[in-house]
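As structure tokens, the structure follows; a few thoughts come after it.
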């Protein structure tokens with residue numbers, strides 16, 4: 001067991017973890033952060049995407065011990081004071097989700113994309129979310145949502 | 001008298017944002033894998049690495065001694081009680097069903113089949129213990145290719161049955177009395193075109209891996225499971241395992257996509273029930289993605305021989321189809337029914353006078369196939385739309401002209417086809433005209449000509465798919481005539497709560513479709529109650545006790561109509577109470593915008609929500625009336641739903657690299673009236689993505705030993721945002737005449753229509769090089785080979801692919 005200190009959605013945790021424990025399993029099973037989900041076992045689908053120190057990571061490819069000292073934001077910590085984050089709002093308004101399983105990861109990837117490039121082109125949006133698979137939407141409304149919330153968008 | 005009636009804004013037709021989204025965008029979800037029950041044990045499944053082998057010994061001793069391991073089971077432990085995975089669709093009376101154990105006992109028949117189960121206190125201990133189970137296998141011959149499997153002397157998948165054929169289903173329009181004798185049509189044909197097409201094997205690949213939790217409660221059980229069909233599952237588990245039906249509650253909590261892939265009674269669900277019953281402990285099993293890809297059922301996988309007969313002027317005179325449909329190693333819930341559904345769709349929108357269909361179901365040592373979005377209809381649409389193009393080439397006709405010449409004209413509806421279906425409404429001309437205009441069809445044609453003449457290395461192709469489909473399963477008596485094991489009705493209840501809120505209970509089981517939103521819109525209109533005041537309950541056999549669930553684009557056209565019927569009954573009951581309280585005759589009451597008013601006395605009115613409270617109090621009701629407005633309805637439609645549309649695809653094909661890029665995709669769909677245009681468009685988008693993916697990206701590939709080589713998302717190419725084009729969508733509206741809302745199914749349309757549009761466009765780009773077919777998925781390698789050889793792209797698409805090589809270049813006739 002290894003001791004880690006990590007802040008998740010604003011709460012500090014201090015835990016002993018097995019060195020092999022993946023961050024996503026730490027979040028889900030130890031902290032009850034089940035808003036973040038597991039969709040594959042090869043880091044292809046991105047459903048488990050969270051922010052680690054402000055950058056998006058696939059939490060199935062990060063070990064819990066690697067998050068030691070870090071600050072994690074999950075989908076559950078994205079809205080503030082009961083108000084949706086603009087990306088969450090945009091996904092709702094653009095009908096950018098159907099079953100919603102990929103949505104937490106897709107939203108977190110979008111938050112990171114927009115923090116790096118506030119006004120991405122359609123091609124840049126596609127590149128930015130290429131690591132996140134969605135089986136329901138065909139991506140068109142996701143792209144629309146990202147555009148709506150980008151600085152060139154209407155919001 | 002001038003009536004200036006103010007039309008209330010109708011909820012139906014409004015692009016309402018979804019109620020479902022609030023929890024999904026904030027992570028407040030309840031996926032099965034999130035569920036934790038006190039004392040819950042975790043299952044891990046040891047799966048067969050062999051495609052066909054005898055199990056000679058399983059040693060579990062070491063695994064049993066591992067820390068935290070509660071129990072280890074093999075097939076022998078459940079041999080007596082596991083029964084067989086049910087097959088509810090015996091398509092012929094003599095169909096051979098070899099039985100499908102949930103856990104293999106003596107023999108494994110495909111890679112990924114369950115062989116042993118570890119039960120441990122956590123999933124890590126369970127997974128670790130799998131490595132300590134030793135299984136001895138004695139390998140048996142592996143049967144993989146259908147054409148070889150049905151040839152004389154072929155090795156067998158099941159030693160206890162004759163050959164590898166499960167059934168041979170025939171529909172002959174001449175014999176059925178719905179058409180002329182087919183052979184005669186072909187004997188007298190001026191032109192016959194024959195083709196062999198391949199529908200590659202696909203994997204539904206829903207995003208949420210399947211997960212099941214079973215909790216024993218008293219002498220009963222509660223099961224949470226990632227399913228499309230909680231009601232069917234409860235019934236089938238009761239029949240299979242002998243759990244009394246009323247002692248079993250099945251809950252489909254949040255379900256992350258299905259696409260037919262969760263229309264199943266899975267071995268894992270049966271195993272969880274058996275283990276929980278044996279140990280009297282709650283258990284959970286959640287599959288990994290690789291387990292999902294190799295053991296959850298696959299879709300498609302047909303070899304299609306299709307012959308079309310026509311006159312020189314382009315009038316079609318006959319159609320013959322023979323299918324080999326790969327069932328995989330076993331029959332699952334509706335495996336045989338999938339290709340048989342296609343039987344009625346090959347004639348599509350065309351007026352064929354003669355038609356014969358035969359489908360042989362074949363066993364191979366592969367994962368069983370079953371429903372995948374479209375289920376039988378994409379396969380049929382592909383074959384007919386591909387061969388219409390081939391016929392056009394043979395006749396030197398424009399492919400759209402050939403279609404126009406043969407399709408059912410809008411004034412000919414209702415139209416009974418050669419397959420015996422009565423299409424209620426449609427307008428193929430209108431959808432096509434609109435699509436061609438949106439596409440700038442003529443402009444692209446001119447560009448194609450110019451690129452051809454300038455010998456541009458990047459050629460432009462234009463592809464057409466003018467499709468229809470049958471969905472909204474469906475009329476129970478028709479399903480009965482097709483030997484389906486259940487009916488096709490759907491159930492709904494509308495409950496008026498004392499505070500004026502409305503609770504709708506539906507037997508459909510949404511997993512992304514937005515029923516909560518759409519049903520709220522329907523009920524808002526029916527009862528005149530605000531959209532926000534309506535809630536929808538679904539997916540739990542305890543609260544929604546009756547239903548046939550969600551698949552086959554049936555939810556709105558069957559389940560949504562049941563909601564309408566239940567709401568109508570509520571209004572009827574409320575009217576009686578309103579008349580009583582307003583001291584008027586029922587005949588003098590008008591119901592509008594949620595209120596009953598006495599005609600001629602506009603101030604004398606009462607809202608249905610006020611009546612709900614008065615009914616709850618029950619202080620003053622008409623004599624003999626039960627104090628409730630709540631009503632149930634069970635709706636059984638008289639016909640299927642027949643959406644249609646025209647899909648056009650322009651692709652740029654790089655003749656030097658084989659790369660295919662979709663330049664423009666236009667579709668005009670006619671799904672009748674629309675409850676929520678936002679949701680409808682979303683369904684079309686997602687459907688297109690899956691249909692395009694079949695054309696360009698996806699294939700479940702087995703190597704010579706029967707190993708699935710596309711067993712992860714590294715190899716099974718679910719498209720990403722970068723892989724798909726922009727979709728230009730629009731609609732025409734030909735209301736369905738079979739239901740009061742005029743709606744048609746939309747869930748599968750995009751998938752059914754799009755695949756041939758893409759393939760036709762690529763062939764169109766390369767036709768001048770002698771290319772008349774390219775196997776799907778049309779990878780750059782296959783396209784490049786086709787360009788190089790002027791052929792169908794060769795047998796081998798990828799390392800390890802069998803790609804139906806046996807007779808890939810042979811031209812065979814359908815019958």
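Per-structure values
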| item | result |
| --- | --- |
| Residue B:170 at pLDDT 95 or above and either under 26 Å from residue B:301 (Cβ atoms) or not in a strand (DSSP E or B) (or both) | yes |
| Selection count where residues are within 10 Å of chain B (Cβ to nearest Cβ), free of Cβ contacts under 8 Å to residues at least 40 places away in the same chain, surrounded by fewer than 24 Cβ atoms within 10 Å (Cβ to Cβ) and in a helix (DSSP H, G or I), scope region A:89-139 | 6 |
| Lone unmet requirement of (1) within 12 Å of chain B (Cβ to nearest Cβ); (2) buried (at least 18 other Cβ atoms within 10 Å of the Cβ); (3) under 20 Å from residue A:13 (Cβ atoms) for residue A:32 | (2) |
| Region B:475-515: number of residues that are within 25 Å of residue B:615 (Cβ to Cβ) and crowded, with 19+ Cβ neighbours inside 10 Å | 11 |
| Every residue from region B:21-51 that is within 13 Å of chain A (Cβ to nearest Cβ) and in contact with a strand residue (DSSP E or B) (Cβ under 9 Å, 6 or more places away or on another chain) | B:23, B:24, B:29, B:30, B:31, B:32, B:33, B:34, B:35, B:36, B:40, B:42 |
| Residue in region B:52-68 that is crowded, with 22+ Cβ neighbours inside 10 Å, under 22 Å from residue B:241 (Cα atoms), modelled with pLDDT of 95 or more and away from every other protein chain (no Cβ under 14 Å) present | no |
| Breaking point among (1) within 30 Å of residue B:764 (Cα to Cα); (2) buried (at least 22 other Cβ atoms within 10 Å of the Cβ), for residue B:458 | (2) |
| Count of residues meeting criterion [within 19 Å of residue B:84 (Cβ to Cβ) and within 14 Å of another protein chain (Cβ to nearest Cβ)] in region B:214-253 | 1 |
| Lone qualifier among B:741, B:708 - being more than 10 Å from chain A (Cβ to nearest Cβ), buried (at least 19 other Cβ atoms within 10 Å of the Cβ) and within 30 Å of residue B:475 (Cβ to Cβ) | B:741 |
| Checklist (1) in contact with a helix residue (DSSP H, G or I) (Cβ under 9 Å, 6 or more places away or on another chain); (2) modelled with pLDDT of 95 or more applied to residue B:511, failing item | (1) |
| Complete set of residues in region A:4-45 that are in a strand (DSSP E or B) and either in contact with a helix residue (DSSP H, G or I) (Cβ under 9 Å, 6 or more places away or on another chain) or closer than 27 Å to residue B:256 by Cα (or both) | A:4, A:6, A:8, A:11, A:13, A:15, A:17, A:22 |
| All positions within region B:202-238 that are in a helix (DSSP H, G or I) and within 21 Å of the chain's Cα centre (by Cα) | B:230, B:231, B:232, B:233, B:234, B:235, B:236 |
| Any chance residue B:256 is in a loop (DSSP other than H, G, I, E, B), within 14 Å of another protein chain (Cβ to nearest Cβ), within 25 Å of residue B:326 (Cα to Cα) and modelled with pLDDT of 95 or more | no |
| Those strands (runs of 3 or more DSSP E) lying entirely in region A:47-87 with at least 2 residues in contact (Cβ under 8 Å) with a residue 40 or more places away in the chain and closer than 14 Å to residue A:10 by Cβ | A:49-52, A:71-73 |
| Filtered residues of region B:88-103 (kept if in contact with a strand residue (DSSP E or B) (Cβ under 9 Å, 6 or more places away or on another chain) and surrounded by fewer than 24 Cβ atoms within 10 Å (Cβ to Cβ)) | B:90, B:92, B:94, B:95, B:96, B:97, B:98, B:101 |
| Boolean, residue B:728 is within 21 Å of residue B:198 (Cβ to Cβ), over 21 Å from the mean Cα position of the chain (by Cα) and not in a helix (DSSP H, G or I) | no |
| Meets criteria (at negative phi, outside any helix (DSSP H, G or I) and away from chain B (no Cβ under 13 Å)) for residue A:151 | yes |
| Test result for residue B:299, at pLDDT 95 or above, within 30 Å of residue B:19 (Cβ to Cβ) and touching a strand residue (DSSP E or B) at 6+ places or on another chain (Cβ under 9 Å) | no |
| Condition met for residue B:537 (closer than 22 Å to residue B:250 by Cα and more than 14 Å from chain A (Cβ to nearest Cβ)) | yes |
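Condition check ((1) within 14 Å of chain A (Cβ to nearest Cβ); (2) assigned to a strand (DSSP E or B); (3) surrounded by fewer than 22 Cβ atoms within 10 Å (Cβ to Cβ); (4) in contact with a strand residue (DSSP E or B) (Cβ under 6 Å, 6 or more places away or on another chain)) across all residues:
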| site | (1), (2), (3), (4) |
| --- | --- |
| B:628 | no, no, yes, no |
| B:639 | no, no, yes, no |
| B:645 | no, yes, no, yes |
| B:653 | no, yes, no, yes |
| B:667 | yes, yes, no, yes |
| B:688 | yes, no, no, yes |
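The values are calculated or read from the model by the stated rules, or taken from the named source; none is laboratory data. It should be emphasised that the depicted structure is a prediction, and the values quoted were computed from it without experimental measurement. Because the Cβ atoms are built from the backbone with ideal geometry, glycine has one as well, and the counts that use them run over all protein chains shown.
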